[in-house]
C-alpha cells in the first residue's frame, strides 16, 4: 500500500497542477473582457472539465477498489501515526502557513481599502482554525484524552462552512457560475476532508469517502489558486492541499487486509479481558498483542451463548499454555475448566506428553500468578510446581527512590567498560549469552535493539574487546511510565567481579534518566533476588511454574464439562 499511497498523492498533485494551468488559461482567454461572459465551446474549458471529471472518476474507482479488501484500524492515532515526531511538526508548519496566509489576506484587504466587518470575522475564525489543527496535532502526539480534542478537530470544518457562506454572499449576484465554481469546490472538498478526518477521531470512519475527499481537496485547491485574488488566499489553499496530502498518505499507507483488521480487533477484545482478569500483571502491551497475533500461537475462545460475547480464552504455543483468562464477571461458572481441558486436548493432539504453564518460546507471564490463588485451580487439575524449592518472581522499583550516589556508577571499572551495544557487537553478545543462558539468546535477535533512536537498547560490559555481560534496557513512551530491565547475563568465567551489579545500576540509571517512574524486572529467580534487592528492587509478584505430564493413553476427548449460568 505504500507505493499506492505515494502514486495516488503524486497523481493528485500533478492533476491539480495541470488543472491550475488550464484554469489560468481559461480565466485569461475564455472570458470576454467587456461582458465577462465565457466563450462557448472553448477548448480550454472543455479540457479542464474533462480533466476534472476524469480525475474524479479515476480517484473514485481507485478508492472503492482499494477499500473493498482493505481497511484501516479503528484508531486515529494508528492510522495517522500521531506518535511520530513528524506528525506535530507537519501540522504546526501547516498551521503557520495557514495563519500566515490569513494575516497576509487581511493586510491586502486593508491596503485595498476593501475591509468589511465580515472580513474581520473571517480572519479571526481562520486564525482560530489554524491554531486548532496545530493544537490538535500536539495534543494527539502527547496522547491527550481531553474532550477539547473533539472541538479542535471540528473547528476547520465549521470555519470552511462559514467561508462557503461568505463566498456565496459575495457572489450571490454573479450569474456566471463557471467564473467561481472551482473556488466553491475547493472550499467544499476541504471541508469534507477535515470532516472525514474528524470521523476517525469519533471512530465513525469512511475510508473510501475520505480518500476521495483528500484527493479532491488537493486537486481543487491547486486549481483554485488560479482564481485567487491575492497571495494570502493562495497560501491558505496550499495549506489545505498539504494537510489533505498528509492525511491521504497516512491513510493509504496504513490500510491493512480486512482479515488482519479482524485479527487486530480480536486481539483488542482479548487484551481487554486479559487486563480485567489480571490487572496486577505488568507486561508491555505491544508484546502481549504481538503474541495474540502471532501465527505460532493458537487461541481457543469461549463465547456466551446468549449474546456471542467473548468471555474467556486460552493462548497456546506448542506445549505451553501462555495464558488462560476468564472475564471476572463470568468466573466460577466452569468456563476456565472447559478452556483448560480443551487446551490440554489440543496440546495432546499435537503429540506432546507434557504441558507447561506460562513461559515457552515466548511468554505473557512466566507462570501462574500466586497473588489471587489462581494457582490452586491448576493444582486441583493435576499441575505441580516444576522448579522445586526455587520460585519465579517479578521485581520492581520506584525510580524516584533510586539514589545515584548510593551506588558506584562509572563506565569503566577494573578494565571493564560499560557502553551501549551496536550491530557490530551482535556476534560477541550472542557468544556471551549462549555460554551462560542459552534460552536468552532469542531475546537478543531483534534489530530494534541496535538502532540509535530505539527506546530498547542493550547495555554491554566489555573487557579486552570481549563482551562479558549484557542487559536489555527497554524504555517506553507510554503514559504508564514503566521501563524494563531483562535478560541479565554474565559470562561464567567473569562472575563475582560485580559486573551484573554494575549493569543493573547503569540500566536503572538509564531508565530514570529517561524520565520513567518505575523499573520492572520480569521472570527472575528467588535464588538471585539478593542481587536486585541490594540495588533497591522488591518482589511484586510470585509465580507458580506449573507442569503436567499427559497420559497419552487417556482419551482427553472424553471429558464432560459441567457449565452453569
Inside the range 35-65, the number of residues satisfying the requirement of being in contact (Cβ under 8 Å) with a residue 12 or more places away in the chain and assigned to a helix (DSSP H, G or I) is 13
Out of (1) assigned to a helix (DSSP H, G or I); (2) closer than 30 Å to residue 200 by Cβ; (3) at pLDDT below 90, the one residue 83 does not meet is (1)
Counted residues in the range 190-213 being under 18 Å from residue 16 (Cα atoms), surrounded by 23 or more Cβ atoms within 10 Å (Cβ to Cβ) and without any contact (Cβ under 8 Å) to a residue 40 or more places away in the chain come to 1
The condition from (1) more than 20 Å from residue 99 (Cα to Cα); (2) surrounded by 15 or more Cβ atoms within 10 Å (Cβ to Cβ); (3) under 22 Å from the mean Cα position of the chain (by Cα) that residue 139 misses is numbered (1)
Counting only residues in the range 474-493 that are within 16 Å of residue 432 (Cβ to Cβ) and either touching a residue at least 40 places away in the same chain (Cβ under 8 Å) or not in a helix (DSSP H, G or I) (or both), the one farthest from the chain's Cα centre (by Cα) is identified as 492
inquiry  = Quick check on residue 21: is it surrounded by fewer than 19 Cβ atoms within 10 Å (Cβ to Cβ) and touching a strand residue (DSSP E or B) at 6+ places or on another chain (Cβ under 9 Å)?
reply    = no
Of the listed residues (318, 329), the one being at positive phi and surrounded by fewer than 21 Cβ atoms within 10 Å (Cβ to Cβ) is 318
Given the criteria without any contact (Cβ under 8 Å) to a residue 40 or more places away in the chain and in a helix (DSSP H, G or I), does residue 504 qualify? yes
Result of the Cβ filter at 8 Å on the range 79-107, keeping first residues that are under 23 Å from residue 121 (Cα atoms) and partners that are modelled with pLDDT under 85, at least 6 apart or interchain, is 106/115
Can you find even one residue in the range 66-77 that is in a loop (DSSP other than H, G, I, E, B), touching a strand residue (DSSP E or B) at 6+ places or on another chain (Cβ under 8 Å) and touching a residue at least 12 places away in the same chain (Cβ under 8 Å)? yes
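Let's see how each residue does on (1) at pLDDT 90 or above; (2) assigned to a loop (DSSP other than H, G, I, E, B); (3) at positive phi; (4) surrounded by fewer than 17 Cβ atoms within 10 Å (Cβ to Cβ):
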{"residue": "379", "(1), (2), (3), (4)": "yes, no, no, yes"}
{"residue": "400", "(1), (2), (3), (4)": "no, no, no, yes"}
{"residue": "405", "(1), (2), (3), (4)": "no, yes, no, yes"}
{"residue": "408", "(1), (2), (3), (4)": "no, yes, no, yes"}
{"residue": "431", "(1), (2), (3), (4)": "yes, no, no, yes"}
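The values are calculated or read from the model by the stated rules, or taken from the named source; none is laboratory data. The structure presented is a predicted model; accordingly, all values stated were derived computationally and were not measured. Here the Cβ is made from the backbone with ideal geometry for all residues, glycine too, and neighbour counts use every protein chain on show.
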